[in-house]
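Each remark here refers to the structure printed beneath this line.
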Amino acid sequence: MLLGERVSFPTTVAYFVFAYNFFFGLMVFGCLVLYILATVLMSEWRTKFKRAANKLDNQTRTIGVDSLINFETVKYHGAEQFEVDRFRASLVSYQKESWKNSASIQLMNVVQILIIYASLFGGCALCAYYIVYKQQDVGSFVLYTTYMVQLYSPLNFLGNYYRMIQQSFIDLENLLDLFMQKVEVTDRDGCEVLNIEGGEIEFDDVTFHYRPDQPILKNVSFKVPAGKTVAVVGPSGSGKSTLIRLVFRFYDIQGGCISIDGQDITKVTQHSLRKSIGVVPQDTVLFSDTIGYNIHYGRPDADEDEMKAAAERADIHDRIQTFPDGYETKVGERGQKLSGGEKQRVAIARTVLKAPRIIMLDEATSALDTQTERNIQGALDDVSKDRTTLVVAHRLSTVVNADMIMVLKDGVIVERGTHQELIDTPGSVYSEMWNQQAMVDSEIKARGDSEDSML
């Protein structure tokens, strides 16, 4: 073997055993074993520091983004310094763990170097002993040190790459955990495209819960006939909005069946199902783009005239025209530059533009004033004409014209019928809710009249 050639551990160990003696081979082999053990064990030991640093880094970023997105809430409560202190505390914790991670790397490097130089020192001392007492020549000493120096270079290379690979896997843990998450709602094998004819929705003995110990819907059964409007009312937490989420198949039910035109929604593709349904949610979230972009999102291939026509039907076109940039006005993060009523009307325009066969309204006018609510209600009635519509409402005045009203309480439908039928039923839950809301509206009106007279 030439001195300039790269040497391997098995070759070197065998050479020193046969060319010198067993002790030299043992010295080289012991160095190899100790180096590998130290690298593996210390790499495993220091993973906790890297993992903790990654966790705190994610936490720090989350606090920063959360504080910036919810800046209005922070300012409402004068909590700027509190958020700064919270971010600083998280950042300091991250820096401590990051320092521990860096220190552990340096400690591991020191241990590796000590093992290498201890082996080199031991071998040199053994060579010196044999030169003095065993009549070996000085060339054997030079040969040993040369081989060992060439041997440690690839050993150090492998140790560093093992550490880097392990650290990279730790950095990827969050991503790998995400890949390991089981998708709760998936398209089954052989799913077909939803074929909408009339748009009849049927809940057949549906049972659903987010947690087994807290049932949300209990054996709920009803139909929304094609082209008809059915409203669901009831106290908060009774499961009204959950009905809409289940029709969209954001969750799978635990019992029963939900079908559209006789087709089980679990046996059709999610894309075709959601493409056939339009929704106006209670909490409207807009993209940080222009008003025109957000309305166009209902049907991206629609032209500008169709988009503006949808805005007119949603009673927001005139309001948009008062903005300096018109439809090119930026709405800000999550639509924060628009009022609650304006955001809801954009959502209505988006649904109008989509023109689906089935429409879901989840408190679609909750953020509107009385006059705008009347205008929007007329637009919604026009949009819902000859379309299957499921309405979730708290304000009963918005559902008096529904073909059927259902009262949902504690996950069970306790009453159903038209507005007049439910009002005429003595002691009904609906009539009590109607009377309570009428009383509240009267008090608000009386209070407003008295304030006007004082002025």
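The values are calculated or read from the model by the stated rules, or taken from the named source; none is laboratory data. Just so we're clear, the structure is a prediction, and the values are computed from it rather than from any experiment. All Cβ positions, even for glycine, are placed from backbone atoms using ideal geometry, and neighbour counts span all protein chains on display. Heads up: the accessible areas ignore ligands, DNA and RNA and are worked out on the full protein's heavy atoms, side chains in. Shrake-Rupley method; radii C 1.70, N 1.55, O 1.52, S 1.80 Å.
Per-structure values
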item	result
Condition check for V233: open to solvent by less than 10 Å² (accessible area, probe 1.4 Å) and in contact with a Leu (Cβ under 9 Å, 6 or more places away or on another chain)	yes
Residue match in the range 194-202 (condition: in contact with a helix residue (DSSP H, G or I) (Cβ under 8 Å, 6 or more places away or on another chain) and surrounded by fewer than 13 Cβ atoms within 10 Å (Cβ to Cβ))	no
Check on S140, assigned to a helix (DSSP H, G or I) and free of Cβ contacts under 8 Å to residues at least 12 places away in the same chain	no
Selected residue (only one of Q106, Q135, Q59, Q81 is modelled with pLDDT under 85 and either under 41 Å from the mean Cα position of the chain (by Cα) or surrounded by fewer than 14 Cβ atoms within 10 Å (Cβ to Cβ) (or both))	Q135
Near pairs, Cβ below 6 angstrom, 6+ apart or cross-chain, from the range 404-419 (closer than 21 Å to K228 by Cβ) to any residue that is surrounded by fewer than 20 Cβ atoms within 10 Å (Cβ to Cβ) and among the small types (G, A, S)	E415/S428
Selection within the range 329-343 - open to solvent by less than 40 Å² (accessible area, probe 1.4 Å) and in a loop (DSSP other than H, G, I, E, B)	T329, V331, G332, L338
Considering residues of the range 307-328 that are open to solvent by 70 Å² or more (accessible area, probe 1.4 Å) and acidic (D, E) only, the residue nearest to the chain's Cα centre (by Cα)	E328
Total residues in the range 109-132, condition open to solvent by less than 40 Å² (accessible area, probe 1.4 Å) and among the aromatic types (F, W, Y)	1
When residues of the range 281-302 are limited to those that are within 13 Å of Y327 (Cβ to Cβ) and free of Cβ contacts under 8 Å to residues at least 40 places away in the same chain, the one most open to solvent (accessible area, probe 1.4 Å)	Y293
Qualifying residues in the range 38-49 (those that are open to solvent by less than 90 Å² (accessible area, probe 1.4 Å) and aliphatic (A, V, I, L, M)) - the one farthest from Q167 (Cα to Cα)	A38
Top-ranked residue in the range 352-365 [being open to solvent by 10 Å² or more (accessible area, probe 1.4 Å) and in a helix (DSSP H, G or I); ranked as farthest from S272 (Cα to Cα)]	V352
Residue, most open to solvent (accessible area, probe 1.4 Å), within the range 250-271, restricted to residues that are within 23 Å of the chain's Cα centre (by Cα) and within 10 Å of V193 (Cα to Cα)	H271
